[in-house]
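The structure appears right after this line, and notes come after that.
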Amino acid sequence: MARPDRFDRDDSEFIEKLVHINRVAKVVKGGRRFGFAALVIVGDGKGRVGFGKGKAREVPEAIRKATEAAKKALVRVPLREGRTLHHDSHGHHGAGKVLIRSASAGTGIIAGGPMRAVFESLGIEDVVAKSNGTSNPYNMVRATFDALQAQVSPRQVAAKRGKKVGEIVARRAAVEHVGSGEAQPSAASAE
């Protein structure tokens with residue numbers, strides 16, 4: 001009797017984005033042999049995303065290998081209201097440096113190239129991102145994942161500190177209120 005494979009999933013639940021294809025050549029006695037390397041982002045649009053790379057002699061086979069690798073490497077990222085990030089974060093990998101910032105509703109995805117594919121697959125609707133340093137898609141994607149893995153939800157922070165979620169979120173609202181530039185009554189004006 002065949003044992004059901006626990007990794008067998010319905011593939012339609014995933015969003016797959018091809019980010020980059022690179023043609024590589026191997027020089028041999030008779031000339032050059034060409035192969036292809038593919039970089040693929042896979043996500044479920046609900047907070048899970050992964051990336052993978054695959055190499056093969058044909059493009060479709062390279063894409064298939066990259067997609068399988070991406071599905072094995074899915075990571076969960078906590079989202080605020082299912083549409084943006086909880087806080088700003090930096091990420092880097094090699095010469096790739098990225099800054100990702102949460103954004104208000106209606107902002108959209110303001111990000112370039114490979115970073116946009118990551119956010120769309122992840123299911124983020126509002127984010128502002130900037131890439132400094134390299135434009136190499138592999139390093140940009142790895143730097144973006146480094147920044148995303150630094151994301152922490154208020155629930156996780158509250159559990160770590162032994163506090164209630166309301167206390168942490170209330171502080172964030174107070175900080176945003178102070179940071180908005182509104183004048184706060186001082187002790188001198190109260191007199």
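The values are calculated or read from the model by the stated rules, or taken from the named source; none is laboratory data. It should be emphasised that the depicted structure is a prediction, and the values quoted were computed from it without experimental measurement. Reconstructed Cβ throughout: ideal geometry from the backbone, glycine too, with neighbour counts over all protein chains shown. Just so you know, the surface numbers come from the protein's heavy atoms only, side chains and all, with ligands and any DNA or RNA stripped out. Shrake-Rupley method; radii C 1.70, N 1.55, O 1.52, S 1.80 Å.
For R32, state whether it is at pLDDT 90 or above, surrounded by fewer than 18 Cβ atoms within 10 Å (Cβ to Cβ) and more than 28 Å from A129 (Cα to Cα).
On the way: at pLDDT 90 or above: yes; surrounded by fewer than 18 Cβ atoms within 10 Å (Cβ to Cβ): yes; more than 28 Å from A129 (Cα to Cα): yes.
Yes.
Condition first: without any contact (Cβ under 8 Å) to a residue 12 or more places away in the chain and open to solvent by less than 60 Å² (accessible area, probe 1.4 Å). Now tell me which residues in region 158-168 satisfy that.
Passing the criteria: A158, G166.
Criterion first (at pLDDT below 95, among the charged types (D, E, K, R), over 30 Å from L85 (Cα atoms) and part of a strand (DSSP E or B)) does R3 satisfy it?
Taking the combined requirement at face value, the residue does not satisfy it.
Assuming A70 fulfils every condition listed in (1) more than 13 Å from the chain's Cα centre (by Cα); (2) within 19 Å of M140 (Cβ to Cβ) apart from one, which condition is it?
(1)
Does at least one position in region 51-67 carry a residue that is charged (D, E, K, R) and within 30 Å of V157 (Cβ to Cβ)?
No.
Checking G52 against (1) assigned to a loop (DSSP other than H, G, I, E, B); (2) open to solvent by less than 50 Å² (accessible area, probe 1.4 Å), only one condition comes out false. Which one?
(1)
Yes/no matrix, rows are residues, columns are (1) surrounded by 14 or more Cβ atoms within 10 Å (Cβ to Cβ); (2) over 17 Å from Q151 (Cα atoms):
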site	(1), (2)
F14	yes, yes
A25	no, yes
V28	no, yes
A38	yes, yes
P60	no, yes
A70	yes, yes
L79	yes, no
H86	yes, no
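I'd like the full set of residues that are aromatic (F, W, Y) and open to solvent by 20 Å² or more (accessible area, probe 1.4 Å), limited to region 100-143.
Listed by number, the list holds a single entry, Y138.
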